[in-house]
1. Binned at 10 Å from 0, what are the whole-percent values of the Cα-Cα distance distribution for segment 140-220, short to long?
2. Calculate the dipole size of segment 157-221 relative to its Cα centre from +1 charges on Lys and Arg beta carbons and -1 charges on Asp and Glu beta carbons; express the result in debye to the nearest 20.
3. Rounded, prolate or oblate: which fits segment 40-107 when a ≥ b ≥ c are the square roots of the eigenvalues of the alpha-carbon gyration tensor, with rounded for a/c under 1.5 and prolate only if a/b beats b/c?
4. Accessible area, 1.4 Å probe, largest first: how do ARG179, ARG203 sort?
5. Using a Förster radius of 25 Å, what is the FRET efficiency between ALA137 and ARG164 based on their Cβ-Cβ separation? Nearest 0.05, please.
6. By the gyration tensor of its Cα atoms, with a ≥ b ≥ c the square roots of the eigenvalues, what is the shape of segment 83-211: rounded for a/c under 1.5, prolate for a/b over b/c, or oblate?
7. Quick one: what Rg and Dmax do you get for segment 49-151 from the alpha carbons, in Å?
8. Which lysines have a Cα less than 19 Å from the Cα of LYS145, not counting those fewer than 8 places away in the same chain?
Amino acid sequence: MRYSPLLALALAVGGAGLVASSESPAQNAREVRQTAEASMTLGGTIDIGSEGQVTGFALSHAEKVPADLAAFVTRQVQAWRFAPMMVDGAAVAIQTPVIVRLVQQPDSNGDGANVRVTGASFAKYDPESTSRVTFIARPAPIYPKDVYAVRGRGDVLMLLKIARDGSVADVFTEQVNLRVVGKERQMSAMRASLARASEAAARTWTFRPPTTGAAKDAESWNVRVPVRYAMGEPRMERYGEWEAYIPGPHERAPFSNARADANAAPDLLADGGLYMADLDDGPRLLTPLGG
């Protein structure tokens, strides 16, 4: 989808919430902003027929979303195809929640922007679930002093390996997106600091393993957890608005299986929850994303 040149300009120059570190030279900041993207996550519900076709889609809070963008998302979702959902050997129709992630990138010629659907999540964290891993204790990470000193902000996505006793057997940072601009070396150091702080906290967390369902007898479980660093500002209600960031590299954990989700992103999963990476008991989207 082609989008407004004004928004493309804001993304490339201003950044819709993207701020410059006090230590970053203007020239370097401009160069880094050229790699910026903006994302938006929208929720809704999908009705899926017994043959895997989408029979209905309702976008949540559609009144807060620009009409052309809402129409674009609706067209994309209605064209999706899923593997039929089986219950007791028979294909059934279901309804599922969905979070759709959109990414906006400026055109190379600078006269507009391209918008794509890059992610979709059908998971919803339920702290009372007995068929999934849930939190027992989750002390908050400590904001790294070096990042705080330059007003660094960012979002971290971790993959955790949970042992059968509920402890963290291993942890790996898959991606760190920054919402501040600096020198490339400085931004690399910020990513490393945020990853270390997140992983240090994660190693102290404890979890409740599943006691029912398909995953209860597994030797371990992989879960994704997003962590947001926002300089103490409250989580703003920005539904239907773009948020700019400098994307970090997406890396694969050594303990991740072959089905690791390359489309996973820190802002696709709701902050405060955890999401099982290996449990394939929900809707399985067959349509490739990126349109």
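1. 17, 41, 24, 14, 5
2. Working: 10 positive and 7 negative charges, 63 e Å.
About 300 debye.
3. Numbers: a/c = 2.77, a/b = 2.21, b/c = 1.25.
Cα axes put segment 40-107 in the prolate bin.
4. Numbers: ARG179 5, ARG203 130 Å².
Largest accessible area first, the list is ARG203, ARG179.
5. Working: r = 17 Å, r/R0 = 0.69.
It comes to 0.90.
6. On the way: a/c = 3.15, a/b = 1.20, b/c = 2.63.
Since a/c reaches 1.5 but b/c is at least a/b, the shape of segment 83-211 is classed as oblate.
7. So, for segment 49-151, Rg and Dmax equal 19.7, 58 Å respectively.
8. Answer for LYS145, where 19 Å is the Cα cut-off: LYS183, listed by chain and number.
The values are calculated or read from the model by the stated rules, or taken from the named source; none is laboratory data. Nothing here was measured: the structure is a model prediction, and the numbers come from that model. Glycine gets a Cβ as well: all are built from the backbone with ideal geometry, and neighbour counts include every protein chain shown. Calculation scope for accessible area: heavy atoms of the full protein, side chains included, ligands and nucleic acids excluded. Shrake-Rupley method; radii C 1.70, N 1.55, O 1.52, S 1.80 Å.
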